[in-house]
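This report refers to the structure that appears directly beneath it.
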Amino acid sequence: MPGTFTNNSHNFERWAEGYEGFLLNEGAELHRFGSVPEYTGLRFIRPLDDSKVFAGTVIDGAEFKAWRESVVAIQDEFSTLTGDTEILIAPVQEIECEFRFFVIDKQVVTGSQYREFGYTRKRRVNMDGKNEDSRANRALDFARQMVARWCPAKHFVLDVCMVGMMGTPKVVEINSLTSAGFYACDTRAIVMALHEWMKQKGM
């Protein structure tokens, strides 16, 4: 307490319900790893759960087929990634920039940009909304709107991005509070918010 490693809401199908109409990979196909239909070109794949059995990645059909065959061939009772692992597979999208926000008791307490046009770009988001980059302000506003709409846990991490020529904000994914990188986030703000919440709960 008060962190959580995972719960039933740390799953793409639950995000799709909670953030319907606002999710980056809303049109994704859901399959078991060992039974993904063959495809050509590039696709984005990731586990359905926040299990970290592999990182979300863009991969072409031939490379994925070879990977899948090697995993299925060597899997045993100790394997974390198996042919039965549930994954999503989606078209590759043009993502301009990505942001991470830490949410404590339904409040966005700190945030950081972490990627821009596919490259790492760590830059703290000011919570007063007075950021030089207007994209940071838009991402912050969007994150607060999404938190008001639905929360998968009392405390969690929300990743959002801007996509396409218009820079439309979308929810990328949900992360557990206890297994997400900080980037340029204000770690003191996270600790103080948790401390205050624990005091209110008499912990």
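The values are calculated or read from the model by the stated rules, or taken from the named source; none is laboratory data. These numbers were taken from a predicted model, which means no experiment stands behind them. Cβ coordinates were reconstructed from backbone atoms using ideal geometry, including for glycine residues, and neighbour counts include every protein chain displayed. Please note that ligands, DNA and RNA were not included when accessible areas were found on the heavy atoms of the full protein model with its side chains. Shrake-Rupley method; radii C 1.70, N 1.55, O 1.52, S 1.80 Å.
Remarks
- The string of couplings for the range 8-15 from the Karplus curve (6.51, -1.76, 1.60, θ = phi - 60°) is 5, 8, 7, 8, 3, 5, 6, 4 Hz, one whole number per residue in order, with x for Gly and Pro.
- The apolar share of the surface of the chain, taken as the fraction of accessible area on carbon and sulfur atoms (1.4 Å probe, ligands and nucleic acids excluded), comes to 50 percent.
- For the range 22-111, size of Cβ-based charge dipole, Lys and Arg +1, Asp and Glu -1, in debye: 100
- Here the dipole of the chain is about 900 debye; that uses its Cα centre as origin and unit charges on the Cβ of Lys and Arg (positive) and Asp and Glu (negative).
- Fraction of alpha-carbon pairs over 23 Å apart in the range 60-170 - percent: 46
- Mean accessible surface per residue for the chain, computed with a 1.4 Å probe while every protein chain stays in place, in Å²: 54
- Accessible area (Å², 1.4 Å probe, nearest 10) - ASP128: 100
- On Cα atoms only, tilt of 187-200 relative to the major axis of the chain in degrees: 70
- Across every pair of non-identical alpha carbons in the chain, the mean reciprocal distance, once inverted, gives a Kirkwood radius of 18.0 Å.
- In the range 5-160, taking the dipole from charged Cβ atoms about the Cα centre, the farthest positive-side position among MET146, PHE33, GLY18 is held by MET146.
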